[in-house]
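Asks: Below is a structure I'd like to ask you about.
What follows is calculated from the coordinates using simple rules that are stated; it is not laboratory data. On a predicted model such as this, the values are computed, not experimentally measured, just so you know. Glycine gets a Cβ as well: all are built from the backbone with ideal geometry, and neighbour counts include every protein chain shown.
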2 protein chains.
Amino acid sequence: MFGLGLGPGDPELVTPRARRILRRVGVVAYPAPETGPSFARSIVASLLTPALTEIAIRVPMAPERAPAQAAYDAGAAAIARHLDRGSDVAALCQGDPFFYGSFIQIFERLAPRYRIEVVPGVASLMACAAAAQAPLAVRDEPLLVVPAPIEEGELERLLAGADNAVIIKLGRHFAKVRRVLERLGRADRAIYVERASLAAERVLPLAAVDPATVPYFSLVLLRGGTEAGS
Amino acid sequence: MFGLGLGPGDPELVTPRARRILRRVGVVAYPAPETGPSFARSIVASLLTPALTEIAIRVPMAPERAPAQAAYDAGAAAIARHLDRGSDVAALCQGDPFFYGSFIQIFERLAPRYRIEVVPGVASLMACAAAAQAPLAVRDEPLLVVPAPIEEGELERLLAGADNAVIIKLGRHFAKVRRVLERLGRADRAIYVERASLAAERVLPLAAVDPATVPYFSLVLLRGGTEAGS
């Protein structure tokens, strides 16, 4: 089977390799919310034919982990049934499969039993930096990626030690992130990006963001130092 | 002008958007060693026509920064001359332009005067994780990216505080990196990857690597924790 990185959302950022594999598999699987369409599927909707079998892995967004784990168990089992029958399966992944992708859940369940080829994709991280016209890191600078849902004190401790950082998965955690950055005196230089590469893309200073409107697919870019990246 | 992320090396990972822009510009610029071919150019060599004007920005690899800065100054000036004459220019970048790309040097020189569109690419980070079958990070785990050339004590301090980490730009710094990971008791779980997505790609345990053969385009993946990414 395949894990296909489809990039941040713009179909023009889907690589030829992912397109070629999509044309040859009989089954596609993708994550989706409990109700409504799958973002990963939407990126390649124009490439999917009616002959394809589709497996929607509907993952509850509950704070408890058990319901999501059960959904991944069922999704992996459904994929395995197709593989056992000799059908090849492509799992569709927004961004890159191994960079915080829910595909990792499927990979860890199936990799012990099946050969899985992962096709890397353009990660949202890079798409957001491009949208913001803001380099992530240069030369010998470290770069920290940190998910916003972590505990506030831990978030502050990590960011205090990182000149260049990206805070991902903002959603309902945005207000907490802004609070931490204000305490660290770094809110003014931070850049907020949502839905990079899509028509609805927005790049804003932190102060201009309404926390009530922040989607899960958004992040904050922080560049440290005073040196102009030379 | 454009900064085009061309991915880790496999031409099948060059996005349709980068291909479309390549077809419409009259000038391409790319980094190259003082002598010999440019890796960025090689990724799209089959797409370049004889009608294109090519600017090779030959960057000395000296430890001093002044010669490299002078090369970027000259490269940016050459690009600016074409832009001023009304030609459009695409800068070719291996990986992603804003993720440790030498393109950042060109961007910082020209962005104050010209409109620059950056097209994100598949970063080597993601290509190496795919090659190694090793997820970078999942759920709420932080991920640290750290360039190998930094000072040994600082490298050790940073890695001691990071469960998930990627050490990039290994080259002649490999022996130092392995020494640090051995001191931290983490060498056994580290994975070495070089030239991901190319025919010469290699994935090795740290102990099997000959430091004399390590190229600049290589990295070490470190995954912390005992939890299977659930």
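Asks: Output the residues belonging to the stretch A:102-126 that are part of a loop (DSSP other than H, G, I, E, B) and of a type outside the set (D, E, K, R).
Replies: A:Ser102, A:Ala111, A:Pro112, A:Tyr114, A:Ile116, A:Pro120, A:Gly121, A:Val122, A:Ala123
Asks: In the stretch B:62-101, how many are assigned to a loop (DSSP other than H, G, I, E, B) and within 15 Å of the chain's Cα centre (by Cα)?
Replies: Within the stretch B:62-101, residues that are assigned to a loop (DSSP other than H, G, I, E, B) and within 15 Å of the chain's Cα centre (by Cα) number 6.
Asks: Can you pull out the residues in the stretch A:1-30 that are among the charged types (D, E, K, R) and touching a Ser or Thr at 6+ places or on another chain (Cβ under 8 Å)? Working first, answer last.
Replies: Going through the stretch A:1-30, the residues among the charged types (D, E, K, R) turn out to be A:10, A:12, A:17, A:19-20, A:23-24.
Residues satisfying the conditions are A:Asp10, A:Glu12.
Asks: Related question: Residue check, B:Ala77 against (1) out of contact with any strand residue (DSSP E or B) (no Cβ under 8 Å at 6 or more places or on another chain); (2) within 14 Å of chain A (Cβ to nearest Cβ); (3) of a type in the set (A, V, I, L, M), all met but one. Which one?
Replies: B:Ala77 satisfies every listed condition except (2).
Asks: Related question: Going by the structure shown, is A:Ser87 among the polar types (S, T, N, Q) and either over 20 Å from B:Asn164 (Cβ atoms) or without any contact (Cβ under 8 Å) to a residue 12 or more places away in the chain (or both)? Explain how you work it out, then say what you get.
Replies: On the way: among the polar types (S, T, N, Q): yes; either over 20 Å from B:Asn164 (Cβ atoms) or without any contact (Cβ under 8 Å) to a residue 12 or more places away in the chain (or both): yes.
Answer is yes for this residue.
Asks: Tell me the strands (runs of 3 or more DSSP E) entirely within the stretch B:1-59 that contain at least 3 residues that are touching a residue at least 24 places away in the same chain (Cβ under 8 Å), at negative phi and more than 17 Å from the chain's Cα centre (by Cα). Show your work before the answer.
Replies: Values: elements: B:2-5, B:27-32, B:53-58.
Of the strands (runs of 3 or more DSSP E) lying wholly inside the stretch B:1-59, those with at least 3 residues that are touching a residue at least 24 places away in the same chain (Cβ under 8 Å), at negative phi and more than 17 Å from the chain's Cα centre (by Cα) span B:53-58.
Asks: Which of the residues that make up the stretch B:181-191 are exposed (fewer than 15 other Cβ atoms within 10 Å of the Cβ) and either in contact with a strand residue (DSSP E or B) (Cβ under 8 Å, 6 or more places away or on another chain) or within 15 Å of B:Leu221 (Cα to Cα) (or both)?
Replies: Of the residues in the stretch B:181-191, the ones exposed (fewer than 15 other Cβ atoms within 10 Å of the Cβ) are B:182-185, B:188-189.
Result: B:Glu182, B:Leu184, B:Gly185, B:Asp188, B:Arg189.
Asks: If the Cβ limit is 8 Å and pairs must be 6+ apart or interchain, which residue in the stretch A:98-123 that is more than 8 Å from chain B (Cβ to nearest Cβ) pairs with which residue that is acidic (Asp, Glu) and part of a helix (DSSP H, G or I)?
Replies: Filtered contacts from the stretch A:98-123: A:Arg109/A:Asp73.
Asks: I need the full set of residues from the stretch A:1-48 which are away from chain B (no Cβ under 11 Å) and among the acidic types (Asp, Glu), in order please.
Replies: Scanning the stretch A:1-48 gives a single hit, A:Glu34.
Asks: Quick one: in the stretch A:134-180, which of the residues that are without any contact (Cβ under 8 Å) to a residue 24 or more places away in the chain, part of a loop (DSSP other than H, G, I, E, B) and more than 7 Å from chain B (Cβ to nearest Cβ) is surrounded by the fewest Cβ atoms within 10 Å (Cβ to Cβ)?
Replies: Ranking the candidates gives A:Glu151 first.
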